[in-house]
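No value in this document is a laboratory result; all are computed from the given coordinates. Being a predicted model, the structure only gives us computed values, none of them experimental. Positions of Cβ are backbone-derived with ideal geometry, glycine not excepted, and every protein chain shown enters the neighbour counts.
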Amino acid sequence: MLLNTFKQILKEVQRLNANYYQDTTQEVLKKFEVTPDGLTKKQAEDRLQKNGKNELAGEKRTTILQKFINQFKDLMIVILLIATVISLLIGEVSDALIIFLVVVLNAAFGVFQESKAENAIDALQEMTTPYTRVRRDGQVQQIQSNEVTLGDIILLEAGDVVPADARIIETHNLKIEESALTGESVPTEKHSDVLETEKPGIGDQDNMAFMNTNVTYGTAEAIVTGIGMETQVGQIADMISGVEQTTTPLQKNIDHLSKTLSILILVIAAVIFIFGTVTGRETPFDMLLTAISLAVAAIPEGLPAIVTITLALGTQTMSKENALVRKLPAVETLGTTEIIASDKTGTLTQNKMTVEQVFTNQKLMRVSDFSLPLSSRMASIMILANDSQQSKDGLIGDPTETALIQYFIDKNDDLKEVMDNYERLDSVPFDSDRKLMSAIVKNNDNEVYCLTKGAVDVLLDRTTQINVDGKVRKITDEDRQKINDTNSNLAHRALRVLAYAYKPVEKVADQATSQAYENDLIFVGLTGMIDPERSEVKEAVNEAKSAGIRPLMITGDHKETAQAIATRLGIIKKDDDQGVITGSQLDEMSDEQLQNNVDQYSVYARVSPEHKVRIVKAWQSHEKIVAMTGDGVNDAPALKTADIGVGMGITGTEVSKGAADIVLADDNFATIITAVREGRKVFANIQKAVQYLLSANLGEVLTLSLMTFANWDIFLPVHILWINLVTDTFPAIALGVEVGEPDAMKHKPRGQKSTFLSNGVGSSIIYQGILESFLTLGVYLLAILYPEHSGSDMIHADALTMSFITLGMLQLGHAFNCKSIHRSIFSKETFKNKFFNWAILGSALLLAATIFIPGFNDIFHVTLLNAAQWSMILGAVVLMIVIVEIVKLVQRKTVYKNL
């Protein structure tokens, strides 16, 4: 019993580690204990019971409530909740209500916009074809694809989706489109022969069929070697579920800022309380209230709301530009991006073969400079030796053949004119060994022709004549040399080359064979085809480079094709072989070697999903912020591993969309650059809000601290809380919707180590907070030295009122300084943000209401001020604005000359 169990386990291990592409058909059948008649009903039931259904494993999902609770794990949010409780304890119900409202709205925004549920696994499951044809007990049956099991003999034909990984055991001109898995745009020709290559990549396993790829041509029989999570797609699904969620730069920034502020606020509040109590300035209870009020005021409770609202507004702007944001922090993260690793097929290119060069009459011409006449012999071969079909959804068939038809459609040629003149009598289908395809046609004059297209070298071997300018003559060695040179030239530029020939047929053969027709052909020309780059991408690549962003191409396509497209787009320079690396070369590198050399490469060809993840991690090891774009199943793990994943909305699979942070609705690479610009604006606006809030709060803390240490009359808790209430929220939010700086895309990305306090913001907060405090205390001193009323109580009441209003108005005036961190505000753009203007006006009116509205005087313990006193307050505000702008001018002339 134990021995049998051990043998079973050993057999299972051997099966999982088997390289079926190196086994013969008989060896694979033997391994799975099956005959060409397929599994028996009993075998199928037993294996289904043992191995489970052919499905991908699901993932545990969080509920809406759990997602909402998760929003409260941020340290700043915790501090705000504590502040809410404290505010209630000291009787400030309105302030507590506002803080709590800010927190709840922030959490609601997060749950609404940022879905933490991972949709990638579900999307993979939905991709599975519902039914599959299998042979069991010698009979062909149609079953649900999730009931396919190991050892099943599956039958494939054009239009099918492969239900599981399988070793092909018999094939007839089979082609499978694997771009979603390998990134290669051209369908792969499949066969049943044993592969001699050691450890070929997925794209080179020509005798294997993989789950969720599409059969585009021919038929085949295959034996299932992997189901569910054991398939290549299953491995990708496992990689997706195993990828840890990265923390965005924005989240790191806020977390760091929250911790730093928390410590400083608690220390300062404690010092104020201890000093005031020890010196007998106030009773311990009054000093506790003051210290708590100071702590509440010092906490920028508006920051989470400002960040969320700014990000949300950013998502709206980006959605108008066809960039759909799935996760809020992704807006800002894209603005920090230093590396954009882009898939080639469908992202940088159009994901469709296109005729680009035509060689006829011994001349090579670009299609943009030359139009092949519909009446020409070459045109008739391209159209008639073609199995493409027209449908309401467009052309259906092999991408190479549809490209030939599309060439004439794009020229508005009437294909019906050619079709009506010819009748197809027979054909010799394409064969991967022969590399030719021929159509036997008869025209309206009853003349029969063999029209042939195929590989250049094979077709030339069967050619004896050439048609030049409508005249047929014997082909010469010079002709052959020119044709071969042209072929080499086009192939070097990664174009897929097809040759065309024909011959008159005197007698129609009983059976259409290569021997009967494909000899003594008359050569007419070549076409060079490629999956062309998108027209707008080259400009986008140039803009990315000018913004300090390095674009990379990561593709499953061949090295020559990738290098040619990358050169045309400007990703690498011409003939830059050193900048291109293949997946097999990556396999020879350790992770450490890749990390040490990763900056040498800009193009990665013939790569697998594991390679893409390694590449992203290698760049991240250099502390680079990496954005990964992609549209295929194979891109999903790297999309999740990257700091920001960008999926394609049109050509992208649901898997890649589910794994992405941002989805491009138009699949336009240029949209990424627009999103980067918006991301940089979002960060800049949050940084402006941070500068405003922290400098204002520092001014409050310093003013109260210095007043305490100088044994002066200090602000009451109500003063601090009211200033904090009317000046913090709306002006800061208004700064979050400022228009972007005009030169945002002319600077390098700020980098991973950059924070909200970088680029001079930290030092600006300090000196501006000190300036606010000194100007406030200066007004207090002037009110004491030059009183408007007699009596010490009245003098101190006026001084306290003036300093209270001054501190609030200074902050509102300083908000104008913060509209730009380094640029001058003295321009016509200063009052362009109407929301900002109303926010400042509204806050100023709320501040003034404490003096002018009857009854408020007693609540806030303030006095009415005359014109002279108001002029002192406004003078301090003007002085604040002017001094800050002078400092900014000096900074632009010295430290920040590039601004």
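Straight-line reach only, C-alpha to C-alpha below 15 angstrom: list the aspartates and glutamates that residue 657 could link to, leaving out same-chain residues fewer than 8 apart.
Answer for residue 657, where 15 Å is the Cα cut-off: 114, 118, 122, 126, 343, 631, 635, 666, 667, listed by chain and number.
Pairs 819/888; 327/640; 617/746; 688/832; 327/834; 190/435: which exceed 18 Å Cα-Cα?
617/746; 327/834
Less than 17 Å apart at the alpha-carbon level, and either on another chain or at least 8 residues along: which aspartates and glutamates does that give for residue 482?
Straight-distance partners of residue 482: 457, 461, 469.
Of all trypsin sites (Lys or Arg not before Pro) in the stretch 826-876, which ones are in loop regions per DSSP and have a Cβ with at most 11 other Cβ atoms within 10 Å?
When the trypsin sites (Lys or Arg not before Pro) of the stretch 826-876 are filtered for loop state and at most 11 Cβ neighbours within 10 Å, 828 remain.
Which of 407, 786 comes first, and how do the rest follow, when ranked by fewest Cβ neighbours within 10 Å?
Least crowded to most crowded, the residues run 786, 407.
For a test of the definition: using alpha carbon positions, the gyration tensor, and the 1.5 limit on a/c, classify the stretch 354-529 as rounded, prolate or oblate.
Taking the square roots of the gyration eigenvalues as a ≥ b ≥ c, the stretch 354-529 is rounded.
Where in the stretch 452-474 does the amide nitrogen come within less than 16 Å of the point 7 Å from the Cα of residue 193, taken along Cα to Cβ?
458
Quick one: if the Förster radius is 22 Å, what FRET efficiency do residue 882 and residue 785 give, using the C-beta to C-beta distance and rounding to 0.05?
0.40
Quick one: order 271, 718 by neighbouring beta-carbon count within 10 Å, fewest to most.
271, 718
Under 18 Å Cα-Cα from residue 259, which lysines qualify once same-chain neighbours fewer than 8 residues away are excluded?
The reachable lysines, counting only those whose Cα sits under 18 Å from residue 259, are 73, 753.
In whole Hz and in residue order, list the ³J(HN,Hα) couplings for the stretch 613-622 that follow from phi through the Karplus curve 6.51 cos²θ - 1.76 cosθ + 1.60, θ = phi - 60°; x for Gly and Pro.
Listing the rounded values in order: 5, 4, 5, 4, 5, 5, 5, 5, 5, 8 Hz.
For the stretch 694-708, what does the Karplus curve 6.51 cos²θ - 1.76 cosθ + 1.60, with θ = phi - 60°, yield as ³J(HN,Hα) per residue in whole Hz, taken in order and with x for Gly and Pro?
Once rounded to whole Hz, the list reads 6, 5, 5, 5, 5, x, 5, 5, 5, 4, 5, 5, 5, 4, 5.
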